[in-house]
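Reviewing the structure listed below.
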Amino acid sequence: MLKKLVVAAVFLALGVALYLAIPQKAGASPSGNRAAGAEVHRANCAKCHGPGGKGDGPAGKLLKTKPADWTDKARMSKLSDSDLFNVIKGGGGAVGKSKLMPAWAGKLSDDQIHDVIAFIRSL
Ligand code: HEC
């Protein structure tokens, strides 16, 4: 009897662990909203990255390290969605790129970062 209870408890614990793991995985995949991302971009990123993401924003033009052209599919296909997520959240310095790219952790939520990635991928 006790053995059965222990087995049941183990399965319950595994079930709970699985349940907790699944939403986390879903959160890490880009399921962002493109329209909301366009707004995040306009408000926060366009001054450097340019209104159309070509790296030609008024401030971007003055930077020593220029932001990439997001419409360059060959270049952008080399970056995974998690690469984009990490550079946006942690800033250029966190991923060995230029510190001119600011960190958005604390300013944008993870959802907003997924939204802006959806926008970047749509260019
Ligand atoms: C102050 C100017 C500035 C702002 C504002 C800025 N960035 Fe950047 N960003 C840069 C620069 C410069 C780089 C290039 C870093 C490098 O290549 O070393 C960069 C790089 C990136 C990259 C890596 C690919 C690329 O373009 O080189 C992504 C993705 C990115 N930024 C997203 C964003 C997003 C999203 C926002 C708004 C939430 C944003 N950036 C706001 C300057 C900026």
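Tallying residues that are closer than 22 Å to residue 69 by Cβ and among the small types (Gly, Ala, Ser) within region 104-123 yields 2.
Among the residues of region 27-42, those identified as more than 8 Å from the ligand (Cβ to nearest atom) and in a helix (DSSP H, G or I) are 27, 28, 34, 35, 36, 37, 38, 39, 42. Taken over region 66-84, the criterion of being in contact with a helix residue (DSSP H, G or I) (Cβ under 8 Å, 6 or more places away or on another chain) and hydroxyl-bearing (Ser, Thr, Tyr) is satisfied by 82 alone. Note on region 68-101: residues that are within 7 Å of the ligand (Cβ to nearest atom) and either in contact with a Lys or Arg (Cβ under 9 Å, 6 or more places away or on another chain) or among the charged types (D, E, K, R) (or both) total 8.
Restricted to region 52-123, the set of helices (runs of 4 or more DSSP H) holding at least 1 residues that are in contact with a Leu (Cβ under 7 Å, 6 or more places away or on another chain) and either touching a residue at least 24 places away in the same chain (Cβ under 8 Å) or surrounded by 13 or more Cβ atoms within 10 Å (Cβ to Cβ) (or both) comprises 110-121.
For residue 57, indicate whether it is under 19 Å from residue 123 (Cα atoms), within 8 Å of the ligand (Cβ to nearest atom) and of a type outside the set (Val, Ile, Thr). Give the steps one after another, and end with the answer.
On the way: under 19 Å from residue 123 (Cα atoms): yes; within 8 Å of the ligand (Cβ to nearest atom): yes; of a type outside the set (Val, Ile, Thr): yes.
Taking the combined requirement at face value, the residue satisfies it.
Since every read-out is calculated from the coordinates, none of them should be taken as a lab result. Since the model is a prediction, treat every value here as computed from it, not as a measurement. Ideal geometry is used to build each Cβ from the backbone, glycine not excepted, and the neighbour counts take in all protein chains shown.
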